[in-house]
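Working notes for the structure below.
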Amino acid sequence: MRGLAKGATHGRFTLLGPLSVRNDAGTVALGGVRAQCVLAALMLNAGKVTSVDQLVGAAWATAPPAGARVLVQNRISVVRRVFRVAGLSPELITTVGSGYVFQVGDGVLDLDLFDRRVARAEELSAAGDITDAVGELTAALALWNGPALAGLTTPPIVAAAHQLEERRIRALKQRITLELALDRHAELLGELTGLVGDHPYQEDLRGLLMVALARSGRQAEALAVYRDTRTVFTEQLGIEPSPSLARLHEAVLRDERAEPLSPFGPDDWVRPDPPVPHELPAAPVPFTGRDKELRLLDSALGDRTGSITAIDGMAGVGKSTLALHWAHQVARWFPDGQLHVDLRGDDHTPLPPIEALGLLLGALGHPAEQVPADLGQAAALYRSALAGRRVLVVVDNARSIGQVRPLLPGSPGTVVLVTSRQRLSGLSAREGARRMTVDVLEPVDAHTCLELLLGEDRVRAEPRATTRLATMCGHLPLALHAAASRLTDGRRVADLVTEMRSGVPDLVLAALEPSYRGLPARARRLFRLLGLVPGADITSVAAAALAGMDPTAAELSLDQLVGAHLIEEYAPNRFRLHRLVRHYATERAVRSDDAIERASAVLRLVQWYLRHARAAIAWLNGARFGALFDGPAQAARWLDAEWGNLAAVVRHGSFWLAWLLGEADSSADRAADWWGGLPPSPRQPSRDEQGTRVRVAQR
């Protein structure tokens, strides 16, 4: 098979159980987990070149540290040194080009021995030598010493272990089928019963148990296995047993001899192998940052029962980019395929679930004429097509939970990614989905993104302008791409920065439109008015004053805006808008609300701040003003929290508040700490304005 390096000492290398290397003296200590992952990846690909990138993926998955390639090379050196000390040739791992090859002699690697014995069993079975074929399969299965690669948990190693386990189960079923041909049904009953309990969705194991029971004269129990199979499949998977298992059931009913099929041919009670779809769109480039999010997604691969992750965030933040980047990184760990469907959640006409199921089922080998028109039946067929398979499903751009639920699998093994501008909290409550909210890029990652888009030389020529451009884009990926697209004609970055001071790229504004359009009318109005707020943030009570709404209604609308990722609740009951979203809200207000409505909203908010500021300062002066605060401590906390907003109101041109705080300043030193940092009024008030302030203050 593979030539052993000259001078190498024969050892024993084990993958079918915990990773181990043995020499004549016993087990060889292999070092840390990273070194073991690297060695496992080499052993899984024995005799072939394994690239450094593949080894990095095996050791750290999709979020490797800086210098990971060098760290892999260091670990290769460590393993070679371990081999040398153990009397094994370090040349078992040889450098070939930019990768490495693990080379061992025949009979040294347990996985190689397993494959050889299974192949020999097939030859013996074809020649009619059933007894020896059973012996080969029994010897092959005896090589296993627990779950393959036990203890190594990086996603690629877990995926490889899953595939090895499937090969073990296949060999086990082949051995049992041959033993049934030798009329050993009675001896197999206990083993088969345990296997069905361990693998309840393996229909062929249930069929073999029915054959063994029927041949042992236990017809009623064989029929009970079929009834249990039908119950489990219909209630948990939404599917009926296959026609071939139903025929076996009928044979048992008629008391005919139940015959298993060829162990090495297609099993008649297992559906034909469906096509393996590879539907992922091209991964968007460039991609930068998101290390924390990638690590969270990686953790889904370690869950062999499958998982659902719902990725939400504002328009243009890079939800689909993150999902597709990760999906391409891990696609090879889903041997049964990768599905993708765009639910068009940002469109006027989202994709109905029944149409989405038609697309997915078509990719899984079911033509349109076989897809039921009923949503429930189509969803059941979809769950049936995914049962027992390891598939990655990317459900992109969902508008609602109702669009997503029919597209979720009913059995373990499948990993689902859902992206949406909405918080799909119901998926967490009912389906146990993990929620991940994607925010804008970190400043350094936004700068790197522009560097990748514009070129390193261009960014180095205008570093300050590039940083300013990233800031003006609010570190939003869509805005960064839109800005870069306007620099393709050789324009200076500084010129674009100057131009963008007066506006936001149309592409960004268009991306926000569907999120706004999907809101109720009252929430849309509040959103527009929030664009007029002078301060950096706002509370629900202040928002109610701004919109002239009942506080409860304002809280509901704010929650809807948070759910649509148009505003952020960055602290309890404190809400803010992203810079570009604020610009969009202001533009929307100008287009939808007349000048009187806009001015009245701002005036209501200013009056609210006036009342509360006057009451708070009165408490600090030792007097009580109204019932807005319980005492000086609460008043002080309010001033602490709102001081930035009060200053913004003054800068906005609302001089009443500045005058009020100035009057308080002249009457009490205790209040000095609160207004000392207030910026001065941008201009001196006129006599009319002074009179207006007096009248407002006297109300």
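So which helices of the chain fit the span-like rule, where a helix is a whole DSSP H run, its Cα atoms reach 30 Å or more along the axis, and its mean Kyte-Doolittle is at least -0.5? The answer, listed by residue number, is 155-181, 595-620. In this structure, residue 600 and residue 452 have a Cβ-Cβ separation that, at R0 = 51 Å, corresponds to a calculated FRET efficiency of about 0.60. Computed over the chain, the per-residue total of -39500 (n - 2.57) for DSSP H runs of n ≥ 4 gives a 222 nm mean residue ellipticity of -17000 deg cm²/dmol, rounded to 500.
Kindly provide log₁₀ I(q)/I(0) values, in the same order as q = 0.09, 0.10, 0.12, 0.15 Å⁻¹, from the Debye equation applied to equal alpha-carbon scatterers of the range 1-182. Values, matching the q order: -0.35, -0.43, -0.60, -0.87. In terms of overall dimensions, the range 43-93 has a Cα radius of gyration and Dmax of 12.0, 35 angstrom. Evaluated at q = 0.08, 0.09 Å⁻¹, the base-10 log of the normalised Debye intensity for the chain, with identical point scatterers placed on the Cα atoms, takes the values -0.82, -0.95.
The calculated FRET efficiency for residue 20 paired with residue 439, based on their beta-carbon distance and R0 = 51 Å, is about 0.70.
We did not get these values from a lab; they are worked out from the coordinates using the rules stated. Because the structure is a prediction, the values reported are computed rather than measured. Please note: Cβ atoms are built from the backbone with ideal geometry, for glycine as well, and neighbour counts cover all protein chains shown.
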